[in-house]
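Colleague: Below you will find the structure I want to go over with you.
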Amino acid sequence: MKTGLDYRNKLILAPMVRVGTLPMRLLALEYGADLVYTEEIIDWKLLRAERLTNDVLGTIDYIDTTDGTVVFRTCAEERNKVILQIGTASVERAVAVAKMLQQDVAAIDVNMGCPKDFSIKGGMGVALLYDLPRAKAILEGLVSSVTIPVTCKIRILPDLEETVQLAKELQSTGISAIGVHGRTKTERPRDPVNEEAIAKVASALHIPVIANGGSQSITRRHDVLQFARRCGTTSAMVARSAEWNCSLFRADGPLPLDDVIRRYITLSVRYDNSPSNTKYCVQMMLRSLQESPIGRRLLDSQTMQQICDIWELGEFCRETQLKYHHAGIKGRRACRPRTLSNDESEEKASESGQVASKKQCLEENNQNQSQATPLMQENICFIRSNFPSDNDLPKTKLYTYATRNGHPKAQYEVQQKDKLFRATIQFGGQRYSSSFWEKNKRFAEQGAALVCLLYLGVEERSALIANGAMLPEKESTATEGDATEAGAIKTSPVQLAVNTKMLPKDEGLENNGKSAVEDMPT
């Protein structure tokens, strides 16, 4: 059995998809949780990620090399308390992931309880409970390959004795603990949790059992402790009730929801959490209040700035955005398909022919165009919420401009690399493009149209900065060559460093992760 992490007498933030990201984990620890689980991350997502040291945020980032988004972000504050939960059906992939991340997490957990179709069809989650040889092989492979503890999280089977026997088999692999959700794979949160079944498993094993599934009866720390006692365990993990109000871990009782939301947003901005993820988590906290005026404002928000404005954190957001920008943070605005932030990797990729930079992508797809035609370029992203009416959309505005002035309509050409898109417009004898790679074709075209409208004087630079489409500082307005270079140094705004010191710098590596301007729907 692995040593180094005691799973007894622990109150734990359970793994929750889209919720268990860094801000929520840190919030749970701040409020009194002993351990925190990440959201389930599928093995292949981590295997295609690049590990980067983010000196600006003081974090370790695992970046998806196909679109520049953050797959997993962690920091020193949680280093000895964060447990990475992976979704896997492969011994080889599971071991590869664990070896890659064991220096950055306290333990590895294998999800054997997810009942969703996606997991089951992939042989993951609860499917592993019905494929015991594979489940044991994965756990044995992990236990023998890494130096940190290995655990798994299961659901109960319809037959209680079969559940106990299954848990004993899994225990025999050398795992350090096991989480038991007291529902079967067909039962849902509205169904009562089977505390007796958890207690039966706990009494049959010699490793710690972590009770799970009691959110319906939990609103405060005392309730978590009572749930664990009823289940015959000393530890319990909480999911939904913590998602609703993470301050339930506090010994002094939960805080008002508005205070919790403000603190969560503060941490989200401090650690450059994506606006879409931040918005989702706040929506989960609001629950029925999503139909309130404040809930509707949140629903209409797409940028971190817009979210912060709702809770009167807008100025703080803007200040931190500039602070991180000046510190040289790199994010979605600097994202290039299959390219990292550093020039050396970029050059090697270009030489090998395996990766293309933004400039190359455009050149490859414009071979038939006169290369003497300059490319007018700005780092502008398209944010749908900035255009309440379809008549206000950049492409519509450009079409109207062309019609009124007797110009031929704009010609659009879109390039796709990996999961990213970039458009070039041919209009009035000039070419226009945004150096921001969008996540869908339509947004890429709209972004390019915004660049064209800026140069035509239809759109004002100050207005684009105010609504988040451009960074606060003046962007490059040069030709293709230096515009590409300028785009590479632009950064993502990320907000709020409230009473948080920057961590010491590690080996200098630049972040190419998801930023607070990544607020466009995809």
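Colleague: Condition first: more than 21 Å from V19 (Cα to Cα) and over 22 Å from the mean Cα position of the chain (by Cα). Now tell me which residues in region 296-313 satisfy that.
Modeller: Answer for region 296-313, where residues must be more than 21 Å from V19 (Cα to Cα) and over 22 Å from the mean Cα position of the chain (by Cα): just E312.
Colleague: Sort out which residues of region 31-50 are under 13 Å from the mean Cα position of the chain (by Cα) and not in a strand (DSSP E or B), and write them in order of number.
Modeller: Answer for region 31-50, where residues must be under 13 Å from the mean Cα position of the chain (by Cα) and not in a strand (DSSP E or B): T38, E39, E40, K45, L46.
Colleague: Okay, moving on. Consider D272 against the criteria (1) acidic (D, E); (2) touching a residue at least 60 places away in the same chain (Cβ under 8 Å); (3) open to solvent by 10 Å² or more (accessible area, probe 1.4 Å): it satisfies all of them except one. Which criterion is unmet?
Modeller: Result: D272 passes all but (3).
Colleague: Does region 251-273 contain at least one residue that is within 24 Å of N440 (Cα to Cα) and touching a Ser or Thr at 6+ places or on another chain (Cβ under 8 Å)?
Modeller: Looking for residues that are within 24 Å of N440 (Cα to Cα) and touching a Ser or Thr at 6+ places or on another chain (Cβ under 8 Å), one finds at least one in region 251-273, hence yes.
Colleague: Here is a further query. Name every residue in region 244-274 that is in a helix (DSSP H, G or I) and in contact with a strand residue (DSSP E or B) (Cβ under 9 Å, 6 or more places away or on another chain), in order of residue number.
Modeller: Hits for region 244-274 are C246, L248, F249.
Colleague: Taking the condition of being open to solvent by 40 Å² or more (accessible area, probe 1.4 Å) and of a type outside the set (S, T, N, Q), how many residues in region 128-147 meet it?
Modeller: Total meeting the criteria: 7.
Colleague: Quick one: what pairs do we get from region 136-148, first residue free of Cβ contacts under 8 Å to residues at least 40 places away in the same chain and within 13 Å of A107 (Cβ to Cβ), second open to solvent by less than 40 Å² (accessible area, probe 1.4 Å) and not in a loop (DSSP other than H, G, I, E, B), C-beta under 8 Å, 6+ apart or different chains?
Modeller: L139/V110; L139/V150; L139/C152; L139/L170
Colleague: Mind checking which residues of region 312-335 are outside any helix (DSSP H, G or I) and touching a Ser or Thr at 6+ places or on another chain (Cβ under 9 Å)?
Modeller: Selection gives L313, G328, I329, K330, G331, C335.
Colleague: Then there is this: Among the residues of region 21-30, how many are under 20 Å from L5 (Cα atoms) and either out of contact with any strand residue (DSSP E or B) (no Cβ under 8 Å at 6 or more places or on another chain) or not in a helix (DSSP H, G or I) (or both)?
Modeller: Number satisfying all stated conditions: 1.
Colleague: How many residues does region 283-312 contain that are surrounded by fewer than 22 Cβ atoms within 10 Å (Cβ to Cβ), touching a Lys or Arg at 6+ places or on another chain (Cβ under 7 Å) and either within 25 Å of N379 (Cβ to Cβ) or touching a residue at least 60 places away in the same chain (Cβ under 8 Å) (or both)?
Modeller: 2
Colleague: A further question on this structure: Going by what's in this entry, would S274 be described as more than 25 Å from K10 (Cβ to Cβ), touching an Asp or Glu at 6+ places or on another chain (Cβ under 7 Å), at pLDDT below 95 and small (G, A, S)?
Modeller: Judged against the criteria, S274 is a match.
Colleague: For residues that are small (G, A, S) and part of a helix (DSSP H, G or I), scanning just region 275-295, find the one that is farthest from the chain's Cα centre (by Cα).
Modeller: Initial filter on region 275-295 (small (G, A, S)): 276, 288, 292, 295.
This time we only want the ones that are part of a helix (DSSP H, G or I), so: 276, 288, 295.
Details: S276: 9, S288: 25, G295: 22 Å.
Going through the qualifying residues, I end up with S288.
Colleague: Scan region 256-266 and tell me whether some residue there is closer than 30 Å to D55 by Cβ and among the polar types (S, T, N, Q).
Modeller: Looking through region 256-266, at least one residue is closer than 30 Å to D55 by Cβ and among the polar types (S, T, N, Q).
Colleague: Okay, moving on. Inside region 92-129, can you point out the residues that are over 19 Å from I178 (Cβ atoms) and in contact with a Gly (Cβ under 9 Å, 6 or more places away or on another chain)?
Modeller: Matches in region 92-129: E92, V95, K116, F118, G122.
Colleague: Inside region 379-396, can you point out the residues that are of a type in the set (D, E, K, R) and at pLDDT 95 or above? Don't jump to the end; show me each part of the working.
Modeller: Going residue by residue through region 379-396, those that are of a type in the set (D, E, K, R) are 384, 390, 392, 395.
K395 - this is the single residue of region 379-396 that is of a type in the set (D, E, K, R) and at pLDDT 95 or above.
Colleague: Do any residues in region 84-104 that are over 11 Å from I148 (Cα atoms) and part of a helix (DSSP H, G or I) have Cβ atoms under 8 Å from those of residues that are hydrophobic (A, V, I, L, M, F, W, C) and open to solvent by 40 Å² or more (accessible area, probe 1.4 Å), where the two are at least six apart or on different chains, and which pairs are they?
Modeller: Within 8 Å, the pairs are R93/W44; R93/L47; A96/L47; V97/L47; M100/L47.
Colleague: Oh, and also: If the requirement is being open to solvent by 20 Å² or more (accessible area, probe 1.4 Å) and of a type outside the set (S, T, Y), which of these qualifies: L267, L257, L248?
Modeller: On the way: L267 fails: open to solvent by 20 Å² or more (accessible area, probe 1.4 Å); L248 fails: open to solvent by 20 Å² or more (accessible area, probe 1.4 Å).
Among L267, L257, L248, only L257 is open to solvent by 20 Å² or more (accessible area, probe 1.4 Å) and of a type outside the set (S, T, Y).
Colleague: Filter region 117-127 down to residues that are farther than 17 Å from Y37 by Cβ and not in a helix (DSSP H, G or I) and give me whichever is most open to solvent (accessible area, probe 1.4 Å).
Modeller: Among residues in region 117-127 that are farther than 17 Å from Y37 by Cβ and not in a helix (DSSP H, G or I), the one most open to solvent (accessible area, probe 1.4 Å) is G122.
Colleague: Please go through region 110-131 and give me each residue that is under 16 Å from L166 (Cα atoms) and of a type in the set (A, V, I, L, M), ordered by number.
Modeller: Result: V110, M112, V126, A127, L128, L129.
Colleague: I've got another one for you. Against the condition part of a strand (DSSP E or B), more than 30 Å from L129 (Cβ to Cβ), under 18 Å from the mean Cα position of the chain (by Cα) and in contact (Cβ under 8 Å) with a residue 60 or more places away in the chain, how does I63 come out, does it pass?
Modeller: Here the answer is yes, as I63 does meet what is asked.
Colleague: Counting only residues that are in contact with a helix residue (DSSP H, G or I) (Cβ under 9 Å, 6 or more places away or on another chain) and of a type in the set (D, E), which one in region 1-38 is most open to solvent (accessible area, probe 1.4 Å)?
Modeller: E30
Colleague: In region 407-427, what count of residues is obtained for those that are open to solvent by less than 70 Å² (accessible area, probe 1.4 Å) and over 11 Å from E445 (Cα atoms)?
Modeller: The number of residues fulfilling the criteria is 5.
The values are calculated or read from the model by the stated rules, or taken from the named source; none is laboratory data. None of the values given here were measured: they were computed from a predicted structure. Positions of Cβ are backbone-derived with ideal geometry, glycine not excepted, and every protein chain shown enters the neighbour counts. To get the accessible areas, we keep the full protein, side chains included, count just its heavy atoms, and leave off ligands, DNA and RNA. Shrake-Rupley method; radii C 1.70, N 1.55, O 1.52, S 1.80 Å.
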